1. Test of understanding: ordering 95, 234 by Cβ neighbours within 10 Å, fewest first, what list do you get?
2. If r is the Cβ-Cβ distance from residue 33 to residue 98 and R0 is 22 Å, what FRET efficiency results, to the nearest 0.05?
3. Could you pull out the pairs from 16/223; 78/168; 16/214; 11/197; 76/136 whose alpha carbons sit more than 21 Å apart here?
4. Please work out the Cα center distance from segment 47-109 to segment 159-176, rounded to the nearest Å.
5. 222 nm [θ] for the chain, helices only, -39500 (n - 2.57) per DSSP H run of 4+, per residue, to 500?
6. Between residue 1 and residue 241, what FRET efficiency comes out of the Förster formula 1/(1 + (r/R0)^6) with R0 = 22 Å and r the beta carbon distance, rounded to 0.05?
Amino acid sequence: MSRIIVVTSGKGGVGKTTSTANLGMALARIGRKVVLVDADFGLRNLDLLLGLENRVVYTALEVIARECKLDQALVKDKRQPNLSLLAAPQTRNKTAINANHMKALVEVLSRYFDYVLIDCPAGIETGFQNAIAGAKEAIIVTTPEISAVRDADRVIGLLEANRIKDIKLIINRLRPTMVKTNDMMSVEDVLEVLSVKLVGVIPEDEQVIVSTNKGEPLVLAEKVPLAGLAYENTAQRLDGQAVDFIDFNAIDDSFISRLKRWLSGNSK
Ligand code: ADP
Ligand code: MG
């Protein structure tokens, strides 16, 4: 059974595209056949994050307009044969695509792939409606900030009203030291507001920026950074495995205690 999952948030800039790219690559690496659909028409980010931008010839728009075959529009990842991308049109009229088109498109894709992950645009307008049209499940991405959590809550309501009941949550850009000093909402705080199932917690990690600039998902790095490990764990949970959540506090503590020892001249 193929899974069609929309990655959405309400608020922009919280990590939808980063999460789609990294979950997609992580799922492909554990042997799942994955297609990423960039439904953020007009912006086209996913191809950049994956380093596939130079290989995009056709997009979802040409497929829908029957100007090319689906096969021709799918860009295969050069590093990971299980991963494909259907890019978003950058220029032409966005209104050329409606919810029925998107629904038909992802349904066809679901015949060939284990996972269809749809990267949703920000907001709750037409682009959002199109992106969720064919989805059977959703992943909500939020940062631990009131404004993002509030938007996420609203989107959860909209998804449920659109018959998407299987909703999971990723909390992104968590900063454990700020949580400790009560300057940031904790995972528990967020879960108190949003009563959906937590599937991943991704820490703030500057390697995300490095990875974006390189066009190489975090999980492919030679030394996988903490955010990359968190995405790998999230992908495994999404795939049905029971994986413990990383204890970021423990990691921070050990770092601070190491630092303290180092400062006190006792590096043992
Ligand atoms: P969205 O698709 O929701 O608009 P993006 O995935 O494009 O969000 O991320 C927005 C910005 O935040 C990007 O510049 C990205 O590099 C950065 N970012 C996302 N997640 C993290 C993270 N865990 N740590 C640091 N920066 C991040
Ligand atoms: Mg995006």
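Nothing in this text is a laboratory measurement; each read-out follows from the coordinates by a stated rule. Just so you know, these numbers come straight off a predicted model, no measurement behind them. We place every Cβ from the backbone using ideal geometry, glycine too, and count neighbours over all the protein chains shown.
1. 95, 234
2. E between residue 33 and residue 98, to the nearest 0.05, is 0.20.
3. Pairs exceeding 21 Å: 16/223; 78/168; 76/136.
4. 25 Å
5. -12000 deg cm²/dmol
6. 0.85
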